[in-house]
Structure formats: structure tokens, C-alpha cells
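Beneath this line is the structure, given in C-alpha cells, with notes to follow.
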There are 2 protein chains.
Amino acid sequence: MTGRIVISEVGPRDGLQSIAAIMPTEAKKAWIAAEAGAGVREIEVGSFVPARILPQLADTAELVAFARSLPGLTVAALVPNLKGALAAVEAGAHKITLPLSVSETHSQKNLRRSHAEVLDEVRAIAEHLRSLPAARRPRFEGGLSTAFGCTLEGPVPTAQVLRLGEALLAAGADEVGLADTTGYANPTMVRERVTRLREVVGEDCFAGLHLHNTRGLGLANVLAGLEVGVTTFDSSLGGLGGCPFAPGASGNVVTEDLVFMLQSMGLDTGIDLPRLLEVRAVVKAALPGEPLYGFTPEAGLPLGFKQAEAGS
Amino acid sequence: MTGRIVISEVGPRDGLQSIAAIMPTEAKKAWIAAEAGAGVREIEVGSFVPARILPQLADTAELVAFARSLPGLTVAALVPNLKGALAAVEAGAHKITLPLSVSETHSQKNLRRSHAEVLDEVRAIAEHLRSLPAARRPRFEGGLSTAFGCTLEGPVPTAQVLRLGEALLAAGADEVGLADTTGYANPTMVRERVTRLREVVGEDCFAGLHLHNTRGLGLANVLAGLEVGVTTFDSSLGGLGGCPFAPGASGNVVTEDLVFMLQSMGLDTGIDLPRLLEVRAVVKAALPGEPLYGFTPEAGLPLGFKQAEAGS
């Protein structure tokens with residue numbers, strides 16, 4: 001548990017897709033720029049879904065283009081299918097993530113596709129990406145959602161997670177990540193599923209963890225992930241977000257609390273925490289009335305707190 | 001990380017001392033009985049402090065006597081000094097805890113005593129306890145508060161924690177615990193301080209961890225404690241409480257979330273979680289207008305959740 005941890009901010013996508021208000025494009029740009037300015041090195045800026053499904057994210061192409069202008073930032077976007085992937089490539093995304101729900105029931109409800117249909121889509125995207133020159137080819141992650149349980153199916157077997165992880169790579173994804181879409185994960189599950197998936201797909205093809213704080217275990221699950229070697233974690237500024245298609249599945253891990261934990265443990269995130277805390281004001285101003293979460297922002301930093309220094 | 005974990009409910013003491021409302025004695029009894037009925041095996045029912053300082057806890061003697069009537073329950077109480085310890089023994093407490101603040105500044109503000117004066121008190125209490133027949137002699141814990149940092153002093157050195165832990169045992173305490181009064185702990189600190197304190201005082205003399213969730217790290221810190229062998233954790237139903245004398249030090253670990261984490265990891269707490277969740281209504285009814293916290297109570301238990309069964 002040493003070295004650099006990558007925080008992938010997913011608020012502009014996962015956060016904004018789950019609330020009714022539509023944040024103006026200029027405000028999103030200010031948010032993205034402020035967070036990149038605080039040292040966040042990867043931001044998922046939106047999702048290439050039809051605007052009629054998620055009008056909140058209709059400006060994703062413009063945001064990708066803008067975010068690419070920020071030095072050192074990895075610009076990520078979600079894509080549900082080949083059409084979305086083509087648009088993401090066109091816009092210049094560095095990384096695209098296609099979610100595959102381990103629960104087939106959730107897959108049908110979320111993406112309106114069976115596992116087989118999603119894997120067909122992955123194959124078509126991979127084929128297209130192979131045809132591109134390397135400089136224009138984004139990294140392609142398959143994101144295993146509901147990987148720790150499903151609000152519709154209940155428990156989800158580890159074997160199914162592993163099988164679909166392998167299937168994503170076989171279909172042409174570069175890497176696979178695990179998402180606790182529903183807040184069902186616990187530290188024991190995280191350790192076991194991450195370890196076994198990394199054994200199956202290989203360490204280099206494990207993308208990271210997307211954890212929710214639905215039942216308050218978000219940071220404990222991050223700790224379990226750290227302990228088995230995970231170095232990339234998704235989170236959302238102010239805990240904005242969740243999954244609008246999985247009932248009760250609210251509550252992304254709060255970026256501010258996550259960064260506080262990592263920094264206080266002496267792990268380097270490259271993020272300036274006081275500056276990160278200031279980004280809340282940008283989001284707050286653009287989303288009046290929308291609650292922002294987080295314990296560290298409310299309590300403030302400890303007296304004498306030093307960033308990225310061992311805790312004792 | 002297997003076997004039985006003891007949850008020590010501190011809400012009736014740590015929770016109630018930090019809010020202005022005074023809960024009626026009969027409501028406290030209903031709370032204590034309901035929680036014992038849900039399987040909680042240790043409850044800190046109050047504090048033997050002068051009623052003029054904490055009128056909320058003026059009925060502690062009556063609560064100790066009542067709680068002793070509940071089968072299998074360990075009845076704990078806080079005592080600030082010899083006078084309090086005498087009252088606790090008289091009432092029949094099974095366990096008494098005297099806090100010693102590692103930060104001397106906090107010690108002066110909280111107990112209005114220096115370290116030396118607190119240790120004198122410990123010696124006087126231990127001497128009195130030795131004079132009692134074994135059946136009437138409570139277990140005597142010295143609780144090291146502000147053990148991970150202080151809102152008044154900032155960082156608190158590990159060496160000082162170890163020195164005071166040894167001093168408490170030398171003065172006659174049976175065991176020592178660590179309390180993150182201020183919410184400054186992180187998993188790295190928890191692992192290191194618990195491990196080193198146990199080396200110094202011996203495993204049998206380490207009482208457990210009292211953690212706060214002030215910056216959202218409560219359960220991650222519990223996980224770190226579990227990993228280094230801690231089996232007793234304090235928490236507060238609905239997250240009631242904190243320390244009224246340490247500014248900004250709000251937010252006990254929420255009992256319901258803690259039990260959910262442990263049970264979902266397959267660790268046995270002896271607690272029936274659905275019944276525990278019902279206890280909130282008892283507290284809520286007696287403290288109208290007082291916020292209760294907790295993620296699991298809001299989200300509900302996962303579909304297909306089974307208690308004390310491995311997570312995968």
C-alpha cells in the first residue's frame with residue numbers, strides 16, 4: 001500500500017445523470033477545470049447516450065473536447081454501444097467505458113440488452129478501435145456493474161463476475177473494472193472478487209473499483225481494495241449520483257472523503273485537498289438546492305493535517 | 001478475522017451527553033432493553049458525573065440497576081474520578097471506564113485535570129476495587145481519548161499514547177482502550193497504534209476501539225482494527241453523540257452500519273440486525289427533532305441479505 005493512487009472523478013457523468021437538474025455546459029467546464037486544477041488526473045466527463053434518455057449529458061462531446069485542452073488530464077466517457085463509442089472517438093476521449101451488468105435482469109433494465117448483445121457491442125467497438133491509428137485509439141474498459149449484488153436479483157455469484165470479466169476481454173476490451181452499482185459490497189467480497197478477477201484477467205487488465213457508499217461501507221471497501229493492490233478508484237465530488245435505473249442505489253463514494261483518507265494514510269493522489277474542497281462551491285453554485293455530501297468538508301481538515309504524509 | 005465481535009453500545013452515554021434534550025429515564029430503559037433484546041451484549045448506560053455538569057445522565061445509577069436485570073448484558077458506565085467509581089460500584093456496574101486524554105490540553109478542558117492527577121485517581125480507584133469481593137468488583141478500563149489527534153493540540157505522538165497506556169496499567173487499570181474522540185484517525189494510524197499498544201500492554205489488556213465517523217472514516221478504521229485483531233468496538237445507535245468538550249468532534253460510528261458491515265463480512269456479532277434497526281423507532285420517539293444518522297437504515301438491507309454469513 002504505497003505509491004500513487006488514481007482518483008477517477010465520475011461526478012460529471014454518474015452524478016449529473018442521476019439528478020433532474022441540468023447543469024449548464026459552462027458550469028460543467030468550470031467544475032472539470034477546477035478539479036483538474038486541484039490535481040485530479042482522470043475525469044469521466046459524460047456519457048454518449050441519446051439526449052432523449054439523459055438530457056443532462058447531451059453536451060458530452062463538447063465537454064470531451066474542452067477537457068482535452070487541460071494538460072495531463074485523462075478524459076473518460078461512458079458509452080453504451082458502438083454508436084456511442086464512435087461519437088466518443090470522434091470527440092477525442094482518452095478512455096471509454098462500456099458497462100456490462102453482471103445481473104442479467106439489471107442489464108435488460110439498464111441497457112435494454114442481454115449479456116450476449118452487450119458482448120456483441122464490445123466486439124464491434126473493439127474492431128472499430130483496432131482500425132484507428134494508435135494516437136486516436138482510446139483505452140477501452142469493460143465495466144462490470146452490479147458486480148457485488150443487484151437490487152433486482154439479490155446476490156450475484158463470483159463465478160458469474162469472473163466469467164463475464166473474461167468474456168469482456170475476449171470480446172476485445174483492454175481492461176475490466178468492478179462496480180458496486182447497488183452498494184451491496186463489503187470488504188470481504190471486495191478482497192475476494194478483486195483478487196480472483198485479477199488472477200483470471202491478469203493484473204494489467206484490471207481497471208479499478210467503482211464503489212458506492214449506499215450503506216456507509218464505501219471507504220472501508222476502498223481500504224479492502226487498496227490492500228489487494230487496487231490503485232484506481234472512482235468517486236464523485238460531493239457524493240453526487242448513483243444509478244437511476246437501480247432503485248435505492250444512491251450514493252457514490254465522496255471524492256473529498258476518499259482523498260482525505262488516502263492522503264492521511266500517506267498515499268499520494270497528486271491532489272491538493274484544500275483546493276479540491278474549494279471545488280464544491282463551483283458545483284453548489286451551479287446546482288442550487290441539490291444536496292452535496294461528505295464528512296470531511298463538513299468537519300474540516302484536522303488541525304496540523306499534512307497531505308500525503310504517513311498518518312503517524 | 002473470524003469469530004465473535006463485541007459491539008459496545010455507547011449511545012445512552014456518549015450519545016445523550018452530547019445533545020441538549022434530556023431523555024426520560026423510562027425511555028432510556030426501553031432503549032437499553034430493546035437493544036439488549038436485539039442481541040447487543042454490552043451497553044454503556046451512562047456516566048457517574050455530577051448532575052450539574054451533565055443533567056442528561058443524572059439517572060445513571062437507576063439505569064445501571066435496571067440494565068443489570070437484563071440477562072447476559074455487560075453493564076458499563078463512565079466514571080471521571082474516584083467518587084464516580086464508588087457510585088458505579090454501589091449501583092452494580094460490571095465495567096467502568098475512566099477516560100484519560102492523551103492530549104494534556106484536552107485533559108484539562110475535558111476533565112479539568114492533568115495527566116498526573118488522572119493517574120492519581122486511577123490509583124485510588126484501583127485500590128478501592130482491590131478491597132471489594134470479586135463478585136462486586138467491576139472490570140476497570142482506562143480509556144485513552146484523543147489517542148489519534150486532538151482538535152486543540154493537533155497531532156498526538158504514538159510514544160505518548162504508549163507511555164500513558166502503560167501508566168494506566170501501572171496505576172491499576174485492568175485494560176486500556178483507544179478512543180478517536182476527534183475523528184482524526186485513519187486506517188494506517190489505527191493499525192500502527194493498536195499493534196504497538198498491544199505489544200506494550202499485552203493482548204489481554206487491550207480493551208478495544210472507540211471510533212468516530214467525523215470525517216467518514218469510521219468503518220474503514222474499524223476494518224483496520226479488525227485486521228490487527230481488535231474484537232471490541234464502541235458505537236452509537238443512530239450515530240448519536242460525540243464529545244461536547246472537543247469542538248467539531250461529532251459523530252460516533254453508527255451501530256447499525258457497523259453491525260451491517262460485520263455481519264455482511266460473515267463476522268458474528270450475536271446481533272439480530274433487523275431487530276436492531278427497529279430500536280431506532282424507540283430512540284426517535286423519545287428524542288423528537290433529534291437527527292439520527294446511518295446509511296444502512298436509510299437504504300435498507302440488501303435483497304437476499306443473510307446475517308453472519310460470508311459475503312460471497
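The values are calculated or read from the model by the stated rules, or taken from the named source; none is laboratory data. All values derive from a computational prediction rather than experimental measurement. Cβ coordinates were reconstructed from backbone atoms using ideal geometry, including for glycine residues, and neighbour counts include every protein chain displayed.
For the range B:242-260, taking the residues that are within 8 Å of chain A (Cβ to nearest Cβ) and part of a strand (DSSP E or B), the one that is modelled with the highest pLDDT is identified as B:Val254.
When the residues of the range B:168-191 are filtered to those that are surrounded by 24 or more Cβ atoms within 10 Å (Cβ to Cβ) and of a type in the set (Ser, Thr, Tyr), which remaining residue is farthest from B:Gly239 (Cα to Cα)? Step by step, filter the range B:168-191, then rank; the result is B:Tyr184.
Can you confirm whether B:Leu164 is within 23 Å of B:Asp234 (Cα to Cα), part of a strand (DSSP E or B) and touching a residue at least 24 places away in the same chain (Cβ under 8 Å)? Judged against the criteria, B:Leu164 is not a match.
The C-beta contact set for the range A:282-304 (first residue closer than 19 Å to A:Leu217 by Cβ, second residue hydrophobic (A, V, I, L, M, F, W, C), distance under 7 angstrom, 6+ apart or interchain) comprises A:Tyr293/A:Val254; A:Gly294/A:Val254; A:Thr296/A:Phe260.
Of the set (1) facing chain A (nearest Cβ under 9 Å); (2) modelled with pLDDT of 90 or more, all apply to B:Ala286 but (1). All of A:Glu44, A:Glu35, A:Glu62, A:Glu26 fail the test of being at pLDDT 95 or above, acidic (Asp, Glu) and not in a helix (DSSP H, G or I), apart from A:Glu44.
Taking B:Ala67 as the residue in question, decide whether it is buried (at least 20 other Cβ atoms within 10 Å of the Cβ) and at pLDDT 95 or above. Taking the combined requirement at face value, the residue satisfies it. Of note, A:Gly72 does not satisfy the criterion of being buried (at least 24 other Cβ atoms within 10 Å of the Cβ) and in contact (Cβ under 8 Å) with a residue 24 or more places away in the chain. The single residue among B:Ala135, B:Ala126 that is part of a helix (DSSP H, G or I), more than 14 Å from chain A (Cβ to nearest Cβ), over 17 Å from the mean Cα position of the chain (by Cα) and in contact (Cβ under 8 Å) with a residue 12 or more places away in the chain turns out to be B:Ala126. Take the conditions (1) surrounded by fewer than 21 Cβ atoms within 10 Å (Cβ to Cβ); (2) in a helix (DSSP H, G or I); B:Arg113 misses just one of them, which is (2).
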